[in-house]
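The values are calculated or read from the model by the stated rules, or taken from the named source; none is laboratory data. Note that the structure is predicted; figures quoted are calculated from it, not measured. Here the Cβ positions follow ideal geometry from the backbone for every residue, glycine too, while neighbour counts run over all protein chains shown. SASA here: full protein model, heavy atoms, side chains in, ligands and nucleic acids out. Shrake-Rupley method; radii C 1.70, N 1.55, O 1.52, S 1.80 Å.
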Amino acid sequence: MKTNKIALSNLIFFIFLSIVGCSSNSGKLPTATTYISDTTSVNNYDYLIGPGDSLSIFVWRNPDISGSFIVRPDGKVTTSLVEDIEVSGKTPTNLAREIEEELGKFINNPRVTVSVGGFRGPLSEQVRVIGEATNPSAINYTEKMTLLDLMIQVGGLTEFAAGNNAKLVRMVDGKQKTFELQIDDLIKDGDIEENVDMLPGDIIIIPEAWF
């Protein structure tokens, strides 16, 4: 009986080592895919359609194929004549021209207008604030958004925030770069020179202060 218990214990120990070994060899998950925004300056921003947006597609003189559509989580919509149109990441004008091209296979010289409601946009276009903000959030980018505008939307800093040690992570020329921010100086001291322009896809990281 004692021999059986020892054998069972050894077997359990061997299984445990096998599991640990498999876990240690499982490797690290690949880094999340980064998406480069078309907006590289506050002066060239165009809204891009994203999942959850409401689209109104109007085809002139063809009310039967006009209508309202919600962009699916996969970034597509289906119309009465064209199935699974990829719409996410496109401007309303560009999408209208593409739909015209597709509808041209069925009707003569179509004229299409696309308008957007809901305004969620692609996740890659949102500005994210993480760390010691009062309400860390992903915020939809709007034209000419600044750091001050963003901090107002997230409710400012917590009492434990090290605002002057905050970082801005941004894609520049296809590479991720980090910039220093002085949010304490901006919010608490009113130093407006510390206000900077935001761009789609920016990430603000606000660390906790060490007392």
Condition check for residue 142: among the polar types (S, T, N, Q) and either farther than 27 Å from residue 77 by Cβ or touching a Ser or Thr at 6+ places or on another chain (Cβ under 9 Å) (or both): no
Here the residues within region 90-106 that are part of a loop (DSSP other than H, G, I, E, B) and farther than 30 Å from residue 202 by Cα are 104, 105, 106
Residue count, region 50-70, condition assigned to a loop (DSSP other than H, G, I, E, B) and out of contact with any strand residue (DSSP E or B) (no Cβ under 6 Å at 6 or more places or on another chain), comes to 6
Could you list, in sequence order, all residues of region 86-106 that are touching a Pro at 6+ places or on another chain (Cβ under 7 Å) and open to solvent by 40 Å² or more (accessible area, probe 1.4 Å)? 104
With respect to residue 83, determine if the residue is farther than 24 Å from residue 45 by Cα, of a type outside the set (Lys, Arg) and either open to solvent by 70 Å² or more (accessible area, probe 1.4 Å) or modelled with pLDDT of 95 or more (or both). yes
Would you check which residues across region 68-103 are closer than 14 Å to residue 116 by Cα and in contact with a helix residue (DSSP H, G or I) (Cβ under 6 Å, 6 or more places away or on another chain) and list them? 87
If you scan region 153-201, which residues turn out to be without any contact (Cβ under 8 Å) to a residue 12 or more places away in the chain and touching a strand residue (DSSP E or B) at 6+ places or on another chain (Cβ under 8 Å)? 177, 178
Does residue 109 satisfy being part of a helix (DSSP H, G or I), out of contact with any Lys or Arg (no Cβ under 6 Å at 6 or more places or on another chain) and either within 30 Å of residue 207 (Cα to Cα) or open to solvent by 40 Å² or more (accessible area, probe 1.4 Å) (or both)? no
It is to be established whether one or more residues within region 125-145 are out of contact with any His (no Cβ under 7 Å at 6 or more places or on another chain), touching a residue at least 12 places away in the same chain (Cβ under 8 Å) and closer than 16 Å to residue 54 by Cα. yes
So is residue 65 open to solvent by less than 70 Å² (accessible area, probe 1.4 Å), modelled with pLDDT under 95, of a type outside the set (D, E, K, R) and under 14 Å from residue 113 (Cα atoms) or not? yes
Against the condition under 30 Å from residue 139 (Cβ atoms) and free of Cβ contacts under 8 Å to residues at least 40 places away in the same chain, how does residue 76 come out, does it pass? yes
Would you tally the residues in region 186-211 being closer than 14 Å to residue 131 by Cβ and modelled with pLDDT under 95? 2
